[in-house]
Amino acid sequence: MRKLLIVIDMQNDFIDAALGTKEAVGIVEAVKEKIRRYPAADVIATMDTHHENYMETQEGKNLPVMHCIKGTEGWMIRPDIAELLTESKIYEKPTFGSMALAEDLKALSEKEEIELELAGLCTDICVVSNALLLKAAMPEVKISVDASCCAGVTPEKHRAALETMRSCQIQVS
């Protein structure tokens with residue numbers, strides 16, 4: 001069985017810039033160590049990707065903080081993490097979950113037996129969204145989330161998202 005790591009949105013704006021938190025900064029070393037445990041070709045990443053019209057979007061109206069604007073420093077994956085992703089396929093996603101990621105992994109799961117592990121930011125928005133999309137697309141594929149390699153908008157929301165994922169048969173370690 002092939003086990004893949006999905007690294008969600010480890011971008012500057014979510015770590016220590018526009019929407020950063022001390023909890024996000026606190027998981028960086030654990031995420032780097034997790035990436036190092038996987039063959040480079042078995043690590044996939046996502047990038048929250050918005051454009052200058054972000055404030056006109058539904059998300060921008062509900063979260064009016066410019067972040068992850070394509071081409072900016074905040075949009076970039078943190079450099080010490082990016083250097084570990086040189087062989088990784090990276091999905092730019094305009095919203096919380098990536099349909100393209102789910103579709104590609106579903107197609108892969110039809111060719112070979114896979115297992116998925118997720119890590120990254122933010123537990124209560126993009127991590128949970130991708131985990132649930134993946135579970136809906138592949139209900140028989142084992143999906144897990146490493147809680148020590150995730151951080152939420154707040155510690156309370158982090159814990160709530162982990163419980164939501166547990167309820168949906170996503171393993172939380």
Which of the residues belonging to the range 71-89 are exposed (fewer than 15 other Cβ atoms within 10 Å of the Cβ) and either among the basic types (Lys, Arg) or under 14 Å from the mean Cα position of the chain (by Cα) (or both)?
-> Lys89
Entirely in the range 11-94, the helices (runs of 4 or more DSSP H) that have 2 or more residues that are of a type in the set (A, V, I, L, M) | 22-36, 79-82
What number of residues in the range 107-124 are crowded, with 23+ Cβ neighbours inside 10 Å and assigned to a helix (DSSP H, G or I)?
-> 1
Evaluate the following for Ala160: is it buried (at least 19 other Cβ atoms within 10 Å of the Cβ), assigned to a helix (DSSP H, G or I) and out of contact with any strand residue (DSSP E or B) (no Cβ under 9 Å at 6 or more places or on another chain)?
-> no
Can you work out which of the residues in the range 17-42 that are without any contact (Cβ under 8 Å) to a residue 60 or more places away in the chain, surrounded by 13 or more Cβ atoms within 10 Å (Cβ to Cβ) and of a type outside the set (A, V, I, L, M, F, W, C) is nearest to Leu101 (Cα to Cα)?
-> Asp42
Flagged in the range 131-144 as in a helix (DSSP H, G or I) and within 14 Å of Val172 (Cα to Cα), in numbering order, are Ala131, Leu132, Lys135
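Read-outs: derived from the displayed coordinates by stated rules, not from any lab. As the structure is a prediction and not an experimental result, all values here were calculated from the model. We place every Cβ from the backbone using ideal geometry, glycine too, and count neighbours over all the protein chains shown.
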